[in-house]
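Single-structure report; data block below.
The values are calculated or read from the model by the stated rules, or taken from the named source; none is laboratory data. Only a predicted model underlies this, so the values are computations on that prediction, with no experimental measurement involved. As a convention, Cβ positions derive from the backbone with ideal geometry for all residues, glycine included, and neighbour counts pool all protein chains shown. These area figures cover heavy atoms from the full protein model, side chains too; ligands, DNA and RNA do not enter into them. Shrake-Rupley method; radii C 1.70, N 1.55, O 1.52, S 1.80 Å.
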Amino acid sequence: MTQNLIDGKALADELRTAFKTRVAALAARGCRPGLAVILAGENPASQVYVRNKVSACEAAGIYSQKILLAADVSQETLLAKIAELNANPAIHGILVQLPLPRHIHEETVLEAISAEKDVDGFHAENVGALAQGNPRFIPCTPYGVMKMFEAHKVDWVGKEAVVIGRSNIVGKPMALLLINAGATVTVCHSKTRDLASHTRRADILVAAVGKPRFVTADMVKPGAVVIDVGINRLSPEEGGKLCGDVDFEAVKNVAALITPVPGGVGPMTITMLLANTIEAAERRMGA
Ligand code: NAD
């Protein structure tokens, strides 16, 4: 076992145990948190993610509803389903699994989810609240990363943080959270010149690129905290296993703290989805 590992699985288990008290307190008031997960199409990775989310809900005592729609579902049908769930008092959180089929306009769909039920934190209202430093729902993956920093007492104030990736799901909200927390943040992306000159300055380095072993040891400052968000499936010739964006075997010898893949950010993402769903129910109950 690597000494400097951030064990996302163990932290996720700890947090999920703590959630049981909150779920029980809601139950005592006659409320069971409910999450609806909509999946359009048959993307195999999305099917796995949805299955994992639904089973995590069950284990936490959260009611879950899985809504499977055909790949050729019309945008109108999808929007009508969301409207129905917005009005359903048993549902506190609504999640539309991305990516959506190409003919569906993602932004229109995400905006149709009531901001009070937007447990993914992708609605413009929630993105705006996060940007203003007054978040309501924080996107689950970067939220989980912040919990990892907290658990390992990573001091971010005044530190150089570099985020590789600028997606709405991971990179941008990660950067906003780090800015709000007091770090000096650089966001790198596919157009960044001389990436390594940025990453080598990072006290905190977050990789959310989607390219296996993209971050090599020579790109990392000795003693940095390295968070690997990437989930990549290696080719059958390379063993077919899951692999992150960081060359873990080499970078673990340079970093002060590092997350593995699997068992790092992944379990934390689902955990924070549960947290957001419980929080949505608590808000509804005025807690
Ligand atoms: P994305 O494809 O939307 O974004 C990738 C980002 O990487 C882009 O902003 C792009 O500019 C940047 N990029 C691409 N090539 C680059 C290069 N050569 N140099 C610098 N930047 C480059 O992906 P995403 O949705 O942000 O996800 C990123 C990775 O994280 C994927 O592997 C995804 O599967 C994974 N992911 C994991 C979790 C989890 O729970 N662990 C959650 C979400 C996403």
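For segment 65-209, the share of accessible area belonging to carbon and sulfur comes to 52 percent (1.4 Å probe, ligands and nucleic acids excluded). Of the trypsin sites (Lys or Arg not before Pro) in segment 163-196, the ones in a loop by DSSP (not H, G, I, E or B) with at most 15 other beta carbons within 10 Å are 191, 193.
List the pairs from 53/252; 20/252; 147/172; 117/153 whose alpha-carbon separation is above 22 Å, in the order I gave them. 53/252; 20/252; 117/153, as the Cα separations exceed 22 Å there. For segment 227-287, applying the loop criterion from DSSP together with a ceiling of 13 other beta carbons within 10 Å to the trypsin sites (Lys or Arg not before Pro) yields 241. Extension gain, residue 125 to residue 46: 0.36 nm times the residue separation minus the Cα-Cα distance gives 25.9 nm.
In order along segment 162-176, the Karplus-derived 3J(HN,Hα) couplings, from 6.51 cos²θ - 1.76 cosθ + 1.60 at θ = phi - 60°, round to 10, 10, 9, x, 10, 6, 5, 7, 10, x, 5, x, 4, 5, 4 Hz, and Gly and Pro are given as x. The HN-Hα couplings worked out from phi for segment 186-196 by the Karplus form 6.51 cos²θ - 1.76 cosθ + 1.60 (θ = phi - 60°) are 10, 10, 9, 7, 4, 9, 5, 8, 6, 3, 4 Hz, whole numbers, x standing for Gly and Pro. Using alpha-carbon positions, what is the distance between the centroids of segment 56-88 and segment 221-249, in Å? Between the Cα centre of segment 56-88 and that of segment 221-249, the gap is 32 Å. Can you tell me the length gained on complete extension of the stretch residue 150 to residue 28, counting 0.36 nm per residue apart and subtracting the Cα distance? Computed gain between residue 150 and residue 28 is 40.9 nm. For the modelled label position 7 Å from the Cα of residue 2 along Cα-to-Cβ, which residues of segment 259-277 have backbone nitrogen atoms closer than 13 Å? Flagged as within label range: 259-265.
Where only DSSP H runs of four or more residues are counted, the chain gives -12500 deg cm²/dmol as its mean residue ellipticity at 222 nm, each run worth -39500 (n - 2.57). The largest accessible area among 157, 209 belongs to the first residue in 157, 209, and the rest follow in falling order (1.4 Å probe, all chains). Rounded to the nearest 10 degrees, the angle from helix 75-87 to the longest Cα principal axis of the chain is 80 degrees.
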